[in-house]
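See below for the structure under consideration.
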Amino acid sequence: MRDSDYIFAVARIRVLEKGLLSPEDIRQLVALKDTSAVLSFLRGRGWGDGSQDADGAHMLRTEEAKVDASIQDLGLDQRLLEVLDLPERYHNLKVAIKELSFGTVVPEAYYSLDGFGRGELTHAISAQEFSLLPDDMARAARRALDVMAASSDAQWCDVILDKACLQAMAAAAASSGSDLLVSYVRMFVQNADLKIVLRGARTGKGRRFLEEATCPVEGMDTSALIRHALAGEQELLDYLDDSDLDAAASAIRKSSASFEQWCESRLLDVLKGQGSNIMSPGPILAFVLRRHAEIRNVRILLTAKANGFGDDAVLERMCIANG
């Protein structure tokens, strides 16, 4: 896109931003009695397709489709958007491989993605037509299928596909020409590695597992994280306390939900200050990422309401952006 095109696109984004849920909206939603009240509130804010009978899953799919449609209209370079789709593509790939390996059928577990939905992926895998997949996905799929055939080790299958996803995101961001996207993906990968080493420390995973599962990235000493995780959770937390990730240690000690929220907040912090970059894709990407975070918050809220979680527990699991 030319600079003048970005100016026009950013002007349209400014209009769309007015429809984002505010922190106060989120707190009002959390205080509502049940999922029916939440869905009613959201319909009043323009969520969904106007149907009064649609459930939460349908509403969320509708909102995801709205995000895609609005960005398509802006003419943003598809290479930038594809980076954001990769986690959902690899999630669908994991589900497809497990369906075929275990003989299960779970269509509701898939994201709705053109070219990477249940039909396309199950066909490519069952027919061994890996050429239908991007090269990175094809390599990862072959490896994961070999693992499932040899041992039915679903956890190792996840490790293979999760790491392939992180590597694909990093490579795609690097080739996108967007500094914002590079910074966002770097933080995304750092968060993923922190979660992996913490889980490894808690469950006694060995070096091979941790080295295979993590994806070293600029700005974080993954080797040191692994070394301390191998000595146990307390050793890992002590190491984090003495690093620039001390806030992560504090969040971990509080609760798993607090740590998840801290990770999400780091991602949103990358987006701050993008409003002034009107001749770049920054404001557009920031809007897309905030919109995805908003939909994740509502998904968390609906699940929490359905399971009777208290308001404080719900808020702890959500990340509320403040600018």
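The values are calculated or read from the model by the stated rules, or taken from the named source; none is laboratory data. Everything numeric in this text was worked out from a predicted model, so none of it was measured. Here the Cβ positions follow ideal geometry from the backbone for every residue, glycine too, while neighbour counts run over all protein chains shown. Areas reflect the complete protein model, heavy atoms only, side chains present, ligands, DNA and RNA absent. Shrake-Rupley method; radii C 1.70, N 1.55, O 1.52, S 1.80 Å.
Of all residues in the stretch 18-43, count the ones that are surrounded by 14 or more Cβ atoms within 10 Å (Cβ to Cβ) and part of a loop (DSSP other than H, G, I, E, B).
Residues flagged as surrounded by 14 or more Cβ atoms within 10 Å (Cβ to Cβ) and part of a loop (DSSP other than H, G, I, E, B) within the stretch 18-43 amount to 3.
Could you check how many residues of the stretch 160-179 are open to solvent by less than 60 Å² (accessible area, probe 1.4 Å) and in contact (Cβ under 8 Å) with a residue 60 or more places away in the chain?
Total meeting the criteria: 9.
Spot the failing condition for Ala172; the list is (1) of a type in the set (A, V, I, L, M); (2) under 21 Å from the mean Cα position of the chain (by Cα); (3) at pLDDT 95 or above, and only one is missed.
It is condition (3) that Ala172 fails.
Counting only residues that are open to solvent by 20 Å² or more (accessible area, probe 1.4 Å), of a type outside the set (S, T, N, Q), at negative phi and in a loop (DSSP other than H, G, I, E, B), how many does the stretch 202-249 have?
11
In the stretch 279-310, what residues are open to solvent by less than 20 Å² (accessible area, probe 1.4 Å), within 26 Å of Arg12 (Cα to Cα) and of a type outside the set (Phe, Trp, Tyr)?
Gly282, Pro283, Ile284, Leu285, Ala286, Val288, Leu289, Ala293, Glu294, Ile295, Asn297, Val298
Of all residues in the stretch 180-204, which are over 21 Å from Ser258 (Cα atoms) and free of Cβ contacts under 8 Å to residues at least 12 places away in the same chain?
Val182, Gly204
Matching residues to (1) touching a residue at least 40 places away in the same chain (Cβ under 8 Å); (2) outside any helix (DSSP H, G or I); (3) open to solvent by less than 70 Å² (accessible area, probe 1.4 Å):
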residue	(1), (2), (3)
Val83	yes, no, yes
Glu88	no, no, yes
Leu93	yes, no, yes
Val105	no, yes, no
Gln128	no, yes, no
Arg139	no, no, no
Arg142	no, no, no
Leu145	yes, no, yes
Asp158	yes, no, yes
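May I ask you to list pairs of residues, at least six apart or on different chains, whose Cβ atoms are under 9 Å apart, with the first in the stretch 214-234 being farther than 21 Å from Asp158 by Cα and the second being buried (at least 17 other Cβ atoms within 10 Å of the Cβ) and β-branched (Val, Ile, Thr)?
If the second residue must be buried (at least 17 other Cβ atoms within 10 Å of the Cβ) and β-branched (Val, Ile, Thr), the pairs left are Met220/Val189; His228/Val197; Glu233/Ile252.
Can you confirm whether Val67 is in a helix (DSSP H, G or I) and open to solvent by 80 Å² or more (accessible area, probe 1.4 Å)? Can you show your working first?
Numbers: in a helix (DSSP H, G or I): yes; open to solvent by 80 Å² or more (accessible area, probe 1.4 Å): no.
Judged against the criteria, Val67 is not a match.
Just need a number here: residues in the stretch 44-59 that are over 17 Å from Thr303 (Cα atoms), in contact with a Gly (Cβ under 8 Å, 6 or more places away or on another chain) and either surrounded by 11 or more Cβ atoms within 10 Å (Cβ to Cβ) or among the acidic types (Asp, Glu) (or both).
Residues that pass the stated criteria total 1.
Since Leu113 meets every condition but one in (1) within 30 Å of Gly282 (Cβ to Cβ); (2) open to solvent by less than 60 Å² (accessible area, probe 1.4 Å); (3) in a helix (DSSP H, G or I); (4) not small (Gly, Ala, Ser), which condition does it not meet?
It is condition (3) that Leu113 fails.
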